[in-house]
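Only one structure is covered here, and it is reproduced in the block below.
The values are calculated or read from the model by the stated rules, or taken from the named source; none is laboratory data. Fair warning: this is a prediction, and the values are worked out from it, not measured in the lab. Glycine also receives a Cβ, built like all others from the backbone with ideal geometry; neighbour counts cover every protein chain displayed.
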Amino acid sequence: MIGGARRGDSRVRRLQPLVLFWIAALLISAGPTVAQSYKVDAADSHSLTTYLRQHRLPLVGAQVLADAAGNRRIVLYGFVATEFGKDDAARKALVFVQNGAQAVTPAPQVENRIEIRPEIARMKTAGNTVPAADSGNESLDQVLDDINRFGVTMVPVGPNSK
């Protein structure tokens, strides 16, 4: 038994350098793909968010990112009521950014983090249900933050609604 264990040890010792070589090769080749660093383009992010909110996507925001090579990426976030709304936001964002870009830049990647919340479709707009004194001066970003923290509360329906 002892002789058999020694033969196995020698095989493992011979394979160690080979295994370490392949692990190092994988780590080196993966380095450039992981190391891409994007920076937020604040002006484009604000413009795109405003555009989306003005085009029937009031609970959607966007960040436009760019790397040193000029590649762009769009990250969408927020809430919509349907899958169509989620897809519509991605289409609108892509068209908006491509219309403002130079012809030689590649199409940006879209990372769609928008959540579908069907209950949003049943909510009434603030102009129809909330008295002026209750509407407050919260920005849409504050409202989105509140929705993230506390969820969506439905407006009661019926003649005795408060």
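For every residue, the table says whether it meets (1) aromatic (Phe, Trp, Tyr); (2) exposed (fewer than 14 other Cβ atoms within 10 Å of the Cβ); (3) in a loop (DSSP other than H, G, I, E, B); (4) at pLDDT 80 or above.
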| position | (1), (2), (3), (4) |
| --- | --- |
| Ala90 | no, no, no, yes |
| Gln98 | no, no, no, yes |
| Pro106 | no, yes, yes, yes |
| Glu119 | no, yes, no, yes |
| Lys124 | no, yes, yes, no |
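The number of residues in region 18-51 being at pLDDT 75 or above and under 17 Å from Gln109 (Cβ atoms) comes to 8. Taken together, Asp67, Asp44 contain a single residue that is surrounded by 13 or more Cβ atoms within 10 Å (Cβ to Cβ) and of a type in the set (Asp, Glu), which is Asp44. Checked against the criterion of being over 18 Å from the mean Cα position of the chain (by Cα) and modelled with pLDDT of 70 or more, the candidates Leu15, Leu57 yield just one match: Leu15.
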